[in-house]
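Here is the structure we will look at, set down as structure tokens.
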Amino acid sequence: MRLARGRTPDVGRAARYMRELIKNQVNANHLARAGSVTDSSVLRRKGRLKEQDALIEFIVDLHKTHTTEEVFQKVEAWIDEVLEVPKEKRRFSKLSRMVPQVGFFFHRLPLVKALREYDEFSQLSKRRYVLPNFAEVRHILNIAQVHASSKDVRLVTFDADGTLYADGMHFEDDNKMIERIMQFMELGVHVAIVTAAGYPGEPSKFEGRLKGLVDAFAAQKLPKEVREKFHVMGGECNYLLRVNDDYRLEFVPSSEWHTEHMYDWRDNDDVRQFLDRAEDFLTSYAKHLGVQVDVLRKEYAVGVIPQSDTIYENLEEIALACQAELSDSKIPFCAFNGGNDVFVDVGNKHIGLQALMKYLNVAGSQTLHVGDRFTLTGNDAKVREAASILWVASPDETTFFMRLLYRDILNARIL
């Protein structure tokens, strides 16, 4: 691959992709004004509660006393310091003392490089009166994480709703991520969708959610060695599926992938009693807030769905209250605000991702999870402890960052 003299392979590409992303958001949301990185319909609909992260907010606040370049130079150095400290002592690092809720880091992050790439699109560092907003800092962190992960990534996992396709929709045959997912698999990178959706004994229902993708596998006649790179982890951590020789999804026998820890709490009366308790609390607290709900009970989950339009903050309240109420449970669980409902699942994505990584023999430093719910009540939050993450706000953003990742992987193998 030929490069323009004096340019790195990444400079310019991020700016070009970002312009396309903003254009798509403006068109999709019918915005008759200048585009903004906060224009995602998801962020606008769900407001401030959708944007919660201690590190990002810390970085935004640093701009009150530092230039943008100084901020990212310092944060990059502080992350380097964290990685030099043994894991059991990282909470005593300078960054951890300043931001106690900071997540786990698996790589050094080239934040200054990411800022300069982002600057080509936004001229962020030249602004004097308008500080970077939450979404802009999130994008810079994501670009840096893409560059860091591309060197040795072996597994890329995705949330489904809000990440690969719009909330409440399915994987259609015109989804831009179909080609990208197959390209990753052809490069030898494992791809998995890790979702809260769970359909015990019904792989066809999982297929229904992913029809466009599964149909594309069949249409392209992907060979077995490529098909084997794709999995679905359903019900947070309760069902693992793969693609068989007929290009259909099938369950992987639990004996092949369950960890010993999972056998301690699955398939016993404790799970049923836990879900009974969760259901009682969900319905009573919804009633307390005046939210009329329908109850949906599954094998390893229970949720409440408002019968009419409700306030997003009330769903957030129900989820947080449920986390507090069930915090003494011996059963691992995830209580989360799905945007249109509140669910309590047995297990969580952290457990599911760890089981998947063990099954595929992949380390946390070789794994990248892409999701849209890393807030206190999001079901992606726990994944931070198992792998590096990209926080996206829409399927368009997912496509944007995966284009960068794909090109970075190719460049790493060519150069």
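The values are calculated or read from the model by the stated rules, or taken from the named source; none is laboratory data. Small disclaimer: the values here were computed from a predicted structure and weren't measured. All Cβ positions, even for glycine, are placed from backbone atoms using ideal geometry, and neighbour counts span all protein chains on display.
Miscellaneous remarks
- L49 vs. criteria aliphatic (A, V, I, L, M), modelled with pLDDT under 95, at negative phi and not in a loop (DSSP other than H, G, I, E, B): yes
- Residue within the stretch 194-211 that is in contact (Cβ under 8 Å) with a residue 60 or more places away in the chain, surrounded by fewer than 22 Cβ atoms within 10 Å (Cβ to Cβ), assigned by TED's automatic domain parsing to the domain that holds L249 and among the polar types (S, T, N, Q) present: no
- Residue ID - modelled with the lowest pLDDT, chosen from residues in the stretch 326-354 that are closer than 19 Å to V293 by Cα and outside any strand (DSSP E or B): G339
Residue-wise test of (1) part of a loop (DSSP other than H, G, I, E, B); (2) charged (D, E, K, R); (3) touching a Lys or Arg at 6+ places or on another chain (Cβ under 9 Å); (4) not assigned by TED's automatic domain parsing to the domain that holds E236.
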| residue | (1), (2), (3), (4) |
| --- | --- |
| A114 | no, no, no, yes |
| E136 | no, yes, no, yes |
| H139 | no, no, no, yes |
| E172 | yes, yes, yes, no |
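- Restricting the stretch 71-101 to residues that are among the aromatic types (F, W, Y) and within 27 Å of L124 (Cα to Cα), the residue that is surrounded by the most Cβ atoms within 10 Å (Cβ to Cβ) is F72.
- In the stretch 293-321, the residues that are assigned to a loop (DSSP other than H, G, I, E, B) and touching a strand residue (DSSP E or B) at 6+ places or on another chain (Cβ under 7 Å): Y300, Q307
- Some residue of the stretch 90-103 being touching a His at 6+ places or on another chain (Cβ under 8 Å) and at pLDDT 90 or above: no
- For E179: the one exception among (1) assigned to a helix (DSSP H, G or I); (2) in contact (Cβ under 8 Å) with a residue 40 or more places away in the chain: (2)
- Tally of residues being farther than 17 Å from V102 by Cα and modelled with pLDDT of 95 or more across the stretch 129-148: 4
- Test set (1) surrounded by fewer than 21 Cβ atoms within 10 Å (Cβ to Cβ); (2) modelled with pLDDT of 90 or more; (3) over 21 Å from Q220 (Cα atoms); (4) more than 17 Å from the chain's Cα centre (by Cα) - A114 fails condition number: (1)
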